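The values are calculated or read from the model by the stated rules, or taken from the named source; none is laboratory data. Everything quoted here is computed from the prediction, not taken from an experiment. No Cβ is skipped: glycine too gets one built from the backbone with ideal geometry, and neighbour counts run over all protein chains shown. What goes into the accessible areas is simple: the full protein's heavy atoms, side chains included, and nothing from ligands, DNA or RNA. Shrake-Rupley method; radii C 1.70, N 1.55, O 1.52, S 1.80 Å.
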Amino acid sequence: LQNNEQVGELDLADVTVESVAIPYETSKFDLTLSASETSGGLSFDIEYCTELFRKDTIKRLSGHFKHIIEAVLKDDKRPIGALNYLSESEHKELLETFNNTAVSYPHDKTVVDLFLEQVSKTPEHIAVVCEDERLTYRELDEKSNQLAHYLLSKSIQKEELVAICMERSIAMVIGILGIMKSGGAYVPIDPSYPRDRIAYMLADTGSRVVLSTSGLQDVVGGYAHVSPIYLDEQWEALERYPSSLPDVDLSPHNLAYVIYTSGSTGKPKGVMIEHRGLVNFLLSMKDSLGFEDSIQFLSVTTLTFDISILEFFSPLLLGGKLILASEKDSKDPEQLTSIIKKTNPNCIQATPSRWQMLIDCGWDKKGDIVLLCGGEVIPQEVKEQLTKLSDKVWNLYGPTETTIWSCIATLESGQRITIGGPIANTQIYILDEDLHLQPKGIVGELCIGG
């Protein structure tokens, strides 16, 4: 605050003295706001480092400062934290323009409906591959139908939670589809979970049935009121059931799955996701990421991480191919690198740490491949390495509660990392601790963690 009295011109005999403003090109500090008292009130100037701030950023900041002053003058009793500093146009941009994501999608369809539509189009195309085993769309459809009939014979009810505890395999995919076709919702359980956590999840969901394999009897056996179904021992029995779709009135509002997260209370909590939200998500990803029927998606994510659902269903709803890396291979960078070279997928999704693991192992596949990154903050170095391998690198962000991913952004070499904007039919707001809207750093982009 410059509030010293202005000294007028000095007359020193035959010498006249006056103040002269000396221009300079270097800012003293990163950001300085100066206020000077004048006869008309206060005059403000902002000095800033141009290597840190853009002119439009400072212009926006000064506009916010002006709005705060105007708000104080209107009501000087309100706390600073309760004052609104956004302009009317910024409010409109944040509430309407940025979140104008409304897109039409089949509200009356479930994931099962979309899969069946694809089966009718490409019944003999390869749907899923795992090591030396493969199934066509027709075979996957029929086997999952038989499992659904089998589950219904066990009196599985609509939206009943059915646990599935299996290692990555084609049987696992059959299990997921079979549960959905029976009207149930699947609950994935990692075989490596501590027994106490498995017991908690089974009790919390009230699951009467858990799909598994005989090699995991020690993991899923011995729980009261829970009947394990070991699919590898039941295939002959399952094949005696009809291969046609069971008559189940499945609705978009019915549950598709329940994923357990770590929980803010220290106890795992189950997040319930309906078919309608999953359909919107999958179709939005298809359009945003440019997925086509030629997609060959390599799946490396554990069943209990909800991003695996994008890997499973994106190809299966398009007539593409789901390539499953086994449990062992998905954790071994050398084996995973070998699988990538052997199967030649055109889409892979992984966390930044897994991408770093592959890069450190010497993976250098270049070409027409979509690389999806999410689940963790992506380091700048990893981003730069990935963008050298592909010009189709995407950053994905979203909590489990909002159906997997909520934001997407393209990543480019030399550009800063953002999480982009909301997917179709999704609205996102950044609030401060007083639940006030916060402006974005760049119009149309969101930054998390700097």
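Kindly indicate whether residue 109 is within 28 Å of residue 281 (Cα to Cα), of a type in the set (Lys, Arg) and assigned to a loop (DSSP other than H, G, I, E, B). Outline the logic, then answer.
Numbers: within 28 Å of residue 281 (Cα to Cα): yes; of a type in the set (Lys, Arg): yes; assigned to a loop (DSSP other than H, G, I, E, B): yes.
Yes; evaluated as a whole, the condition is true for this residue.
Consider residue 181 against the criteria (1) surrounded by fewer than 24 Cβ atoms within 10 Å (Cβ to Cβ); (2) of a type in the set (Lys, Arg); (3) modelled with pLDDT of 95 or more: it satisfies all of them except one. Which criterion is unmet?
(1)
Pairs under 9 Å by beta carbon, first residue on the phi < 0 side of the Ramachandran plot in the stretch 14-34, partner part of a loop (DSSP other than H, G, I, E, B) and among the acidic types (Asp, Glu), six or more apart or different chains?
Final answer for the pair search is 16/9; 17/9; 18/9; 19/9.
Restricting the stretch 236-285 to residues that are in a helix (DSSP H, G or I) and open to solvent by 70 Å² or more (accessible area, probe 1.4 Å), which is nearest to residue 403 (Cα to Cα)?
Filtering first and then ranking leaves 276.
Could you check how many residues of the stretch 399-415 are in contact (Cβ under 8 Å) with a residue 24 or more places away in the chain and either under 16 Å from residue 289 (Cβ atoms) or within 19 Å of the chain's Cα centre (by Cα) (or both)?
11
Quick check on my filter: what residues within the stretch 85-111 are farther than 30 Å from residue 141 by Cβ and open to solvent by 80 Å² or more (accessible area, probe 1.4 Å)?
Correct list: 88, 89, 92, 95, 96, 97, 100, 102.
Has the stretch 131-146 got any residue that is part of a strand (DSSP E or B), at pLDDT 95 or above and open to solvent by less than 10 Å² (accessible area, probe 1.4 Å)?
No, the stretch 131-146 contains no residue that is part of a strand (DSSP E or B), at pLDDT 95 or above and open to solvent by less than 10 Å² (accessible area, probe 1.4 Å).
Kindly evaluate residue 171 against the criterion of being open to solvent by less than 50 Å² (accessible area, probe 1.4 Å) and more than 25 Å from residue 297 (Cβ to Cβ).
In short, no.
For the list (1) modelled with pLDDT of 90 or more; (2) over 30 Å from residue 255 (Cα atoms); (3) open to solvent by 20 Å² or more (accessible area, probe 1.4 Å), I need the number of the one condition that residue 422 fails.
Here residue 422 meets the rest and fails (2).
Restrict the check to the stretch 366-381 and report whether at least one residue is in contact (Cβ under 8 Å) with a residue 60 or more places away in the chain, within 27 Å of residue 280 (Cβ to Cβ), open to solvent by 50 Å² or more (accessible area, probe 1.4 Å) and more than 11 Å from the chain's Cα centre (by Cα).
Scanning the stretch 366-381, I find at least one residue that is in contact (Cβ under 8 Å) with a residue 60 or more places away in the chain, within 27 Å of residue 280 (Cβ to Cβ), open to solvent by 50 Å² or more (accessible area, probe 1.4 Å) and more than 11 Å from the chain's Cα centre (by Cα), so the answer is yes.
Here is a yes/no grid of residues against (1) touching a His at 6+ places or on another chain (Cβ under 7 Å); (2) small (Gly, Ala, Ser); (3) assigned to a helix (DSSP H, G or I):
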| site | (1), (2), (3) |
| --- | --- |
| 25 | no, no, no |
| 32 | no, no, no |
| 35 | no, yes, no |
| 46 | no, no, no |
| 65 | no, no, yes |
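State all residues of the stretch 31-54 that are charged (D, E, K, R) and in contact with a strand residue (DSSP E or B) (Cβ under 9 Å, 6 or more places away or on another chain); if no residue qualifies, say none.
37, 45, 47 - these are the residues of the stretch 31-54 that are charged (D, E, K, R) and in contact with a strand residue (DSSP E or B) (Cβ under 9 Å, 6 or more places away or on another chain).
Counting only residues that are farther than 23 Å from residue 158 by Cα and basic (Lys, Arg), how many does the stretch 197-213 have?
The total comes to 1.
If a residue must be under 21 Å from residue 155 (Cα atoms) and either of a type in the set (Ser, Thr, Tyr) or surrounded by 12 or more Cβ atoms within 10 Å (Cβ to Cβ) (or both), how many such residues does the stretch 214-231 contain?
So the answer is 9.
Would you check which residues across the stretch 185-221 are in a loop (DSSP other than H, G, I, E, B) and in contact with a strand residue (DSSP E or B) (Cβ under 9 Å, 6 or more places away or on another chain) and list them?
Hits for the stretch 185-221 are 189, 191, 206, 207, 208, 213, 221.
Please go through the stretch 112-130 and give me each residue that is in a helix (DSSP H, G or I) and either closer than 27 Å to residue 408 by Cβ or touching a residue at least 12 places away in the same chain (Cβ under 8 Å) (or both), ordered by number.
Matches in the stretch 112-130: 112, 113, 114, 115, 116, 117, 118, 119, 121.
For the stretch 315-333, what are the residues that are under 20 Å from the mean Cα position of the chain (by Cα) and open to solvent by 10 Å² or more (accessible area, probe 1.4 Å)?
317
Just a yes or no: is a residue in the stretch 53-74 surrounded by 10 or more Cβ atoms within 10 Å (Cβ to Cβ) and touching a Gly at 6+ places or on another chain (Cβ under 7 Å)?
No, because not a single residue in the stretch 53-74 is surrounded by 10 or more Cβ atoms within 10 Å (Cβ to Cβ) and touching a Gly at 6+ places or on another chain (Cβ under 7 Å).
For residues that are closer than 18 Å to residue 4 by Cβ and not small (Gly, Ala, Ser), scanning just the stretch 29-52, find the one that is least open to solvent (accessible area, probe 1.4 Å).
32
Which condition number in (1) open to solvent by 60 Å² or more (accessible area, probe 1.4 Å); (2) part of a helix (DSSP H, G or I) is the one that residue 312 fails?
(1)
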